[in-house]
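What follows is calculated from the coordinates using simple rules that are stated; it is not laboratory data. Computed from a predicted structure; not experimentally measured. Note that we place each Cβ from the backbone using ideal geometry, even for glycine, and neighbour counts take in every protein chain shown.
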Amino acid sequence: MIPWDEIDFALLDMDGTLLDRHFDDYFWEEYVPKTYAELNNLSYEKAKKKLLAMYKKEEQTLNWTDVLYWTDRLGLDIVALKEGLRKQVRVHPGVEPFLLFLRDENIKVILVTNAHPRTVQIKLEQTLLLPYFDTILTSKEIGMPKEEVGFWRDAEKVLQFDRARSILVDDNENVLLAAHTYGIKHLLHKNGASSHYAEESSDIFPPLKNFIDLIPKK
């Protein structure tokens, strides 16, 4: 159980943590390659192989989630493509009751994400989660991804959170390791980031299957 009386700040990731990562997996690994193949007269297989290699080179950089970078690089309007599929964005079970619990407990709720601000806007408008957040911080605003310890140093300056009285929930173990190194006290790994893949877990950080499990039973 989480000692909620010792926590004033909830730092929450978006994709894979609050939202089902299946949307992103499908979008980048299937839909974008298919569209790219049609535009460039390539087979789907060749297009997918090419794009996955391009993605791989940008992992754990700001380019990885920068929709404007990929628009320029691929010659596709990535924002428009996401807008066209926005109804497929799904919230993980238990998220909204958990966010209501945090609000009732007067815990400051902060969305901390590597996603591009335009992606954040599309997804939060679609899921109606925007009103639950006191603040939103993207890695683009900081200038480095969450996988870097420096992100958390600068995020603390911007957000004024107390790392000893904060909880971070994320589906990315490298992000949690960086936050741990910086000194954020309470860390949880969100298992089952995608509803369509085998459940991913962490050997280092405590697991979270469903956000309902974080709400104390009365």
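Tabulated data for the structure shown
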| read-out | value |
| --- | --- |
| Interchain or long-range residues, amide H under 5 Å from Leu19's placed H | His92 |
| Listed values [x] 59, 34, 33; [y] 49, 48, 32; [z] 45, 39, 32, entry calculated as Cα extents along the principal axes in Å | [x] |
| In sequence order, calculated HN-Hα J values of the stretch 82-98 (Karplus, 6.51, -1.76, 1.60; Hz; x Gly/Pro) | 5, 4, x, 10, 4, 5, 8, 5, 10, 8, 5, x, x, 5, 5, x, 5 |
| Length gained when the stretch Gln88-Glu45 is fully extended (0.36 nm per residue, less Cα-Cα span) | 13.1 nm |
| Magnitude of the charge dipole, the stretch 81-218, Cβ model with Lys/Arg +1 and Asp/Glu -1, debye to 20 | 340 |
| Length gained when the stretch Leu177-Glu30 is fully extended (0.36 nm per residue, less Cα-Cα span) | 49.9 nm |
| Mean Cα-pair separation over length for the chain, i.e. relative contact order, pairs under 8 Å, 6 or more apart, % | 27 |
| Distance from the stretch 152-194 to the stretch 6-45 (C-alpha centre basis), Å | 22 |
| Cross-link pairs beyond the 27 Å C-alpha cut-off, checked among Lys82/Lys190; Lys57/Lys209; Lys108/Lys146; Lys185/Lys209; Lys56/Lys190; Lys50/Lys209 | Lys57/Lys209; Lys50/Lys209 |
| Amide hydrogen neighbours beyond the local backbone of Ala193, cut-off 5 Å, H modeled | Glu200 |
| Cut-off 13 Å between beta-carbons: net charge of the residues surrounding Gly143, Lys and Arg +1, Asp and Glu -1 | 0 |
| For Asn63, net neighbour charge (Lys/Arg +1, Asp/Glu -1) across residues whose Cβ lies under 15 Å away | 0 |
| Cut-off under 5 Å, modelled amide H: who pairs with His186 long-range | Ser166, Leu168 |
| Cα-based shape type of the stretch 66-182, given that a ≥ b ≥ c are square roots of the gyration tensor eigenvalues and the cut on a/c is 1.5 | oblate |
